[in-house]
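**Q** Starting off with a structure, shown below.
Please treat every number below as a calculation from the coordinates, not as lab data. What you see is a predicted model, and the numbers here were worked out from it, not measured in a lab. Note that each Cβ is placed from the backbone with ideal geometry, even for glycine, and that neighbours are counted across all protein chains shown.
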């Protein structure tokens, strides 16, 4: 039986002290084959993260069915208070494990990352800078990639089509750009102009790139106000597009930092990774608050259809695309083959 009242009944929660949450799902079932180096890569990932975030960051690790050695390591980080949350599950799939990490708090910015990302110093500060310069930003990546303006960014291009602030310019860090494509197994036979030119948008002498990938990106909390609680795939299929589609529903933009602030390591450990983690130590990490919080109102069905359906089909036409390239600053000879 119950006697008396729980002393915490109807007691409101205190406002969270955290400004930023980082969620990393981890699946390392063994140390064989594809997963041979995954544990070493995971340690590089988490060490680089711990060295590069401010004190008001909540780190959530979702163990998605990993082996005992990985579980013990993650538990040790939690016990040492290096991470704030550890969730253990059987293998539920990548997105379902992310969904578990999203619930139970109201932190405004949420970075979702794969477990093979090596974070570089200032990634957090530069991410918030993009949000503070562009109030319509909904997702911000930290690794420039090829032609990401083609990926769920038609609303941004439509809204800024005639603006001088939307234009091509020289890529700031071409070597980091090449390093990303090496990390995913590409040969260097892609168009060299991709390493020289990128589409960006500017405001007050601040530039961000149009579009974002999803292996590491930071999202506004409001994008998750209405979410499914389960998707029936472990990886791929509709899972990745499900998150990527969310900003369009609220009229928000996908952007990436103008410079590179993370490396993709893949599943093979290399000497440079440990050296990069060692060089990543920062003496002081500044906490930068988010200044702009957009409304959570969904865009009208007509606006959504016009920008994300009709305009996409027009933009895919080669003559229109070439006109856009030249109008936005690509040299004529480059535009022909971009």
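**Q** Using a Förster distance of 45 angstrom, determine the FRET efficiency expected from the C-beta separation of residue 205 and residue 88, and round it to 0.05. If you can, show how the numbers build up before the last one.
**A** Numbers: r = 47 Å, r/R0 = 1.04.
It comes out at approximately 0.45.
**Q** What angle, in degrees between 0 and 90 and rounded to the nearest 10, separates the Cα long axis of helix 318-327 from the longest principal axis of the Cα atoms of the chain?
**A** 90
**Q** How high is the relative contact order of region 20-337? Use alpha-carbon pairs under 8 Å, at least six apart in sequence, and give a whole percent.
**A** Values: 553 pairs, mean separation 83.7, N = 318.
This gives 26 percent for region 20-337.
**Q** I'd like the FRET efficiency for residue 182 and residue 151, computed as 1/(1 + (r/R0)^6) with the beta carbon distance as r and R0 of 30 Å, rounded to 0.05.
**A** Details: r = 21 Å, r/R0 = 0.69.
Calculated transfer efficiency: 0.90.
**Q** Just 285, 314, 201 to compare: in a GNM of the chain, with alpha carbon springs under 10 Å, which one fluctuates most?
**A** 314
**Q** Provide the descending list of Cα extents for region 1-144 along its principal axes, expressed in whole angstroms.
**A** 57, 44, 27 Å, listed from the longest principal axis down.
**Q** Given 4 °C and 1.567 mPa s, how large is the Stokes-Einstein diffusion coefficient of region 162-214 in µm²/s, with Rh as the Kirkwood radius over Cα pairs?
**A** On the way: Rh = 12.4 Å.
Answer from the Stokes-Einstein relation: 104 µm²/s.
**Q** Nearest 10 degrees, 0 to 90: what angle lies between the long axis of helix 238-249 and the longest principal axis of the chain (Cα atoms)?
**A** 70
**Q** To continue, here is another question. Where does the chain land at 222 nm, in deg cm²/dmol rounded to the nearest 500, when only DSSP H runs of n ≥ 4 count, each adding -39500 (n - 2.57), divided by all residues? Before the final figure, lay out each step's value.
**A** Numbers: 12 runs with 110 residues, N = 338.
For the chain, the value works out to -9500 deg cm²/dmol.
**Q** Between 0 and 90 degrees, rounded to the nearest ten: what's the tilt of helix 38-52 against the longest Cα principal axis of the chain?
**A** 80
**Q** Using a basic spin-label model with each label point 7 Å from the Cα along Cα→Cβ, how many nm lie between residue 241 and residue 298?
**A** 1.9
**Q** Follow-up question, since we're still on this one. Hey, for a label at residue 32 modelled as a point 7 Å past Cα toward Cβ, could you say which residues of region 46-75 have their backbone N under 17 Å away?
**A** 66-70
**Q** With Rg/Rh (Cα atoms, Kirkwood Rh) as the read-out, I listed (1) 0.98; (2) 0.96; (3) 1.01; which label goes with the value calculated from this structure?
**A** (1)
**Q** What is the spin-label model distance, in nm, from residue 189 to residue 274 if the labels are put 7 Å beyond Cα along the C-beta direction?
**A** Spacing of the two 7 Å Cα→Cβ label points: 3.5 nm.
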